[in-house]
Amino acid sequence: MRAIYSILLVAVALLATGLHWASFTYFKSQEIAKAEARLSLYRSTLESELRHFAHLPFLLSLDPMVVRALSDGSIEALDKRLARFAHSAGLDAIYLMNSDGLTIAASNAQSPRSFKGQNYSYRPYFQAAQRGELGEFYGIGATTGIPGYFYAMAVRRPQSDATGVVAIKIDLSRLQDDWQASGERIILANADGVVLLASEPSWRYKTLARLTATQRENIMQSRQFGNELLASLDWSPNTLQQAARIGDKELLYLSTSDLPNGWSLHFFVPDDPASTRAWLTTGTFLALVLLSFSAWQVSRLRRVRTALFASEREEAELRLANERLAVEIEERRTAERTLQKTQTELERAGRLAALGQLASSVTHELGQPIAAMRNQLAASEMTDGPTTLNEKMQGLVARMESITRQLKFFSRKGRDSFEVFDLKDAAQDALTLLEPSIHARAATIDVQGPEHALMLCANKLRIEQVLTNIVRNALDAVEEQDEKIVTITMGDTPETVWFEVADTGHGLGDHSLDDLREPFTTTRESGEGMGLGLTISAGIVSDHNGSITAKDRPDGGAAFRVSLPKNEAEI
């Protein structure tokens, strides 16, 4: 009997080992699939950022004031004009160089670190522009010491050779800040394998592979990375198994080189979730084996006891078995309810993941046309000056960018910065934002709340977004009603702060809150909304560990109630 037990123990151990390996492989593939979607999003965002201003040097090269400055030396007015353009476009700098590479005009002419008077003929972007190409280059500023991405284009006078080069500098540090805020591990490297941007500051300006003498010489000549040592990054990739070691950390690893200039994007994610789920699966299997063995032992003992004891003992054991069966049935029912809830959440997560991929594709496809439209409008303003049509077109472009920013919500990840604020202030800011909509519908807003402040620690802008979305929905609901009243009630408990938005509109109808939380579900007429407001609001409330409920009011209309934790430990 002992030999049989030993054989069974070895068989269970082998099965558990095989199950752990198979489940880890499966869960790892799921994590890699999620990482591929995130990598695709980061790649499209980076590409959009790089190409956002690609047309601007060409437009600047046609600016009559830029061309005239090379001829008659009209520099002071050009400095101010370039400064205004750089500020409006959000650029780090715009500057004009003569044919020798000497900067004669710059948007930062009044800055202590002005480019004016500096010679950049050694920069590859200047040399490419002199050849008639669009110069592109990433490097640390020789004057400011601040890294950036440069575009340059030759400036030509009519019926003359190139007489100068106009260049712009783009600050990409915002991308790196977003990566750090997301908590994910990302590296952007150039064609030489030098890390340009990284979510970990210590990785920046390290090399993914040892540089050759020729590569180092080219970098030194262009002064691309200033005085950086360009030491090798302590990492070891394994592309076949999609894994890498950085320092003492083992991570899942994906990369893509489908970027301009031969750049590559490297994405690292921990395999802890896959490992944890694999251990849970293995533990569940072992628990089931143990339960099965225990049940077999109990059954065997029951048979022995049945043979030894009288019928009254048999009746007692049968009653005990029935009680155990009832407990097992209840546990199974509980497990089934838990499984059904988990499946529902997984389906919703899958739809949101698909929506995130769709949002990434849409924002990528619309980003460049919108950027081109904005640049064309900027060129029109430079040549013809501000016009009413130009201002209207700029408003339409801003509207399109606002829509794409709503879609980007579904690809965001990570906790935003929290701050302590009064919920009543956030409500007032939201109503100020919605003031045009309130006047357009001739609606009445009734705000009710206690005299004392309703303080909580949260992300104020995102809570304002929840208020704005829910109040805007209420305004839409009362638009066709005779009585147009929206009531905002606020209050608090020892642990939470809450607000409720009630309207005199058409109510929820046949829709539940779960229906309205689904993306692109809306009760408005076709073309009047995207159906994302409650989806976004529910996501924000969930990120803050809060709750949102909705119900029809007895006298007509609907009421939405949001409850948020105060987070008093952080106040």
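The values are calculated or read from the model by the stated rules, or taken from the named source; none is laboratory data. Remember, predicted model here, so these are calculated numbers, not experimental data. Don't worry about glycine lacking a Cβ; one is built from the backbone with ideal geometry, like all the others, and counts go over all protein chains shown. The area values use the complete protein model at the heavy-atom level, side chains included, leaving out ligands, DNA and RNA. Shrake-Rupley method; radii C 1.70, N 1.55, O 1.52, S 1.80 Å.
From a point 7 Å beyond the Cα of ALA287 in the direction of its Cβ, which residues of the range 18-60 have a backbone N at a distance under 18 Å?
Once the point is set 7 Å along Cα→Cβ of ALA287, 19-20, 23-24 turn out to lie under 18 Å by backbone N, inside the range 18-60.
Taking 8 Å as the Cα distance limit and 6 or more residues as the minimum spacing, I'd like the relative contact order of the chain as a percentage.
Reported as a whole number, the value is 10 percent.
What FRET efficiency do you get for ALA440 and LEU366 if R0 is 30 Å and r is their Cβ-Cβ distance, rounded to the nearest 0.05?
Values: r = 27 Å, r/R0 = 0.91.
It comes out at approximately 0.65.
With a 1.4 Å probe and all protein chains left in place, how much of the accessible area of the range 1-130 comes from carbon and sulfur atoms, in whole percent?
Ligands and nucleic acids excluded, carbon and sulfur reach 61 percent.
Any chance you could give the angle, 0 to 90 degrees and rounded to 10, that helix 388-408 forms with the longest Cα principal axis of the chain?
Here the helix axis deviates by roughly 30 degrees.
In Å², and per residue, what accessible area does the range 7-55 have when probed at 1.4 Å with the other protein chains present? Write out the running numbers ahead of the final one.
Numbers: 2640 Å² over 49 residues.
Result: 54 Å² per residue.
Quick one: dipole size for the chain, taken about the Cα centre, charges +1 on Lys/Arg Cβ and -1 on Asp/Glu Cβ, in debye to the nearest 20. Write out the running numbers ahead of the final one.
Numbers: 60 positive and 72 negative charges, 425 e Å.
Here the chain has a charge dipole of around 2040 debye.
Of the beta bridges DSSP finds with both residues in the chain, what % are antiparallel, to the nearest 5?
On the way: 71 of 77 bridges.
Given both bridge residues lie in the chain, the antiparallel proportion sits at roughly 90 percent.
Among (1) 1.30; (2) 0.97; (3) 1.17, which is the computed Cα Rg over 2.2 N^0.38 Å?
Here Cα Rg over 2.2 N^0.38 Å agrees with entry (1).
Checking the table LYS116/LYS169; LYS460/LYS484; LYS424/LYS460 against a 19 Å threshold on Cα-Cα, which pairs fail?
Long pairs (Cα-Cα over 19 Å): LYS460/LYS484.
Dipole size in debye (nearest 20) for the range 62-112 around its Cα centre, Lys and Arg Cβ +1, Asp and Glu Cβ -1?
The dipole of the range 62-112 has a size of about 160 debye.
Residue separation times 0.36 nm, minus the C-alpha to C-alpha distance between ARG216 and THR239: what's the value?
5.6 nm
If you roll a 1.4 Å probe over the range 148-307 with all protein chains in place, what percent of the accessible area is carbon or sulfur?
Working: 4460 of 8440 Å².
Roughly 53 percent, rounded to a whole number.
On C-alpha positions alone, give me the angle between the axis of helix 460-478 and the longest principal axis of the chain, in degrees, nearest 10.
With both axes taken from Cα atoms, the answer is about 80 degrees.
Within the range 170-275, list the GluC sites (Glu not before Pro) lying in a DSSP loop whose Cβ has at most 14 other Cβ atoms in a 10 Å radius.
Within the range 170-275, the qualifying GluC sites (Glu not before Pro) (loop, at most 14 other Cβ atoms within 10 Å) are GLU228.
Which of the GluC sites (Glu not before Pro) found in the range 453-497 are in a DSSP loop and have at most 13 neighbouring Cβ atoms, other than their own, within 10 Å?
Listed in order of number, the matching sites are GLU480, GLU483, GLU495.
With every protein chain left in place, what is the accessible area per residue of the range 189-290 in square angstrom, probe 1.4 Å? Don't skip to the end; give the middle numbers.
Numbers: 5540 Å² over 102 residues.
So the range 189-290 comes to 54 Å² accessible per residue, rounded to a whole number.
Using 0.36 nm times the number of residues separating ARG324 and ARG300, minus their current alpha carbon distance, what extension gain do you get?
Stretched out fully, the ARG324 to ARG300 stretch lengthens by 7.0 nm.
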